[in-house]
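Scroll down for the structure; my scribbles are underneath it.
Every read-out reported here was derived from the displayed coordinates using simple, explicitly stated rules and does not represent laboratory data. If you're wondering where the values come from, they're calculated on a predicted model, not measured in any experiment. Methodologically, a virtual Cβ is constructed for each residue, glycine included, from the backbone with ideal geometry; neighbour enumeration extends over all protein chains shown.
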Amino acid sequence: MQKEIEAEESDSGQKRTKKISKKRNLKKFEDDALIKKRFDLDVMAFLSNCSLPYSFVETRGFKHFIKILDSKYTLRDRHTMSHKLGPLLYQNLHVVLEEVLSCELPHCESVSFSYAEWTSRANHGYLSLNIHYINPKFQLRKFSLYSRSTERKTDDQGLASLISSMISTVKGDIACEFICILLLLI
């Protein structure tokens with residue numbers, strides 16, 4: 001139901017407002033409609049980019065905001081966001097990253113890899129591999145390629161082999177050259 005406020009003058013010259021309500025029978029988007037799927041992924045990207053929990057989609061304020069944006073859209077619940085749309089967004093980003101790397105890496109003279117280690121609250125170790133390079137348009141590029149568990153990789157050899165296996169999955173001759181250098185250093 002959409003409400004409008006209309007001003008009308010009374011006999012004394014003062015303006016008063018009265019609410020006029022109009023009912024609209026708006027048809028909701030079908031679940032398989034392209035615009036609905038795109039909207040779902042955009043909401044998921046918003047949550048990810050802002051580091052918001054999935055439960056944010058169930059807050060009254062966010063529901064109201066989405067209703068104002070497009071009242072034909074039906075917001076998904078947090079379980080759908082986390083179990084269906086999260087993995088779908090990850091797959092889409094992975095495909096795009098593969099396309100970008102396959103187009104740009106063959107034209108790069110060199111790349112750099114960095115890694116970061118961290119521990120979760122549950123005291124599980126993880127390692128993240130990043131790639132850095134300058135593309136043919138002279139733009140600095142940095143992507144996080146992979147994150148892997150470091151459980152059972154307690155020594156330097158174990159971490160080096162994990163890094164090497166992560167790099168070997170990167171397409172291109174540059175990765176192969178880097179792996180050879182890494183293995184020589186071990």
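Before moving on, here are some points about what is shown:
- Scanning segment 118-153 for residues that are part of a strand (DSSP E or B) and within 21 Å of E98 (Cβ to Cβ) yields a total of 17.
- Residue in segment 154-168 that is in a helix (DSSP H, G or I) and under 23 Å from the mean Cα position of the chain (by Cα) present: yes
- For segment 95-104, the count of residues that are surrounded by 11 or more Cβ atoms within 10 Å (Cβ to Cβ), out of contact with any Lys or Arg (no Cβ under 6 Å at 6 or more places or on another chain) and farther than 28 Å from L34 by Cβ is at least one.
- Residues in segment 36-66 that are in a helix (DSSP H, G or I) and in contact with a Phe, Trp or Tyr (Cβ under 8 Å, 6 or more places away or on another chain): K36, F39, L47, F56, F62, I66.
- Within segment 50-92, restricting attention to residues that are over 16 Å from K36 (Cα atoms) and among the hydroxyl-bearing types (S, T, Y), the residue that is surrounded by the fewest Cβ atoms within 10 Å (Cβ to Cβ) is S51.
- The numbered conditions (1) over 21 Å from S168 (Cβ atoms); (2) touching a residue at least 24 places away in the same chain (Cβ under 8 Å) are all true for Q139 except (2).
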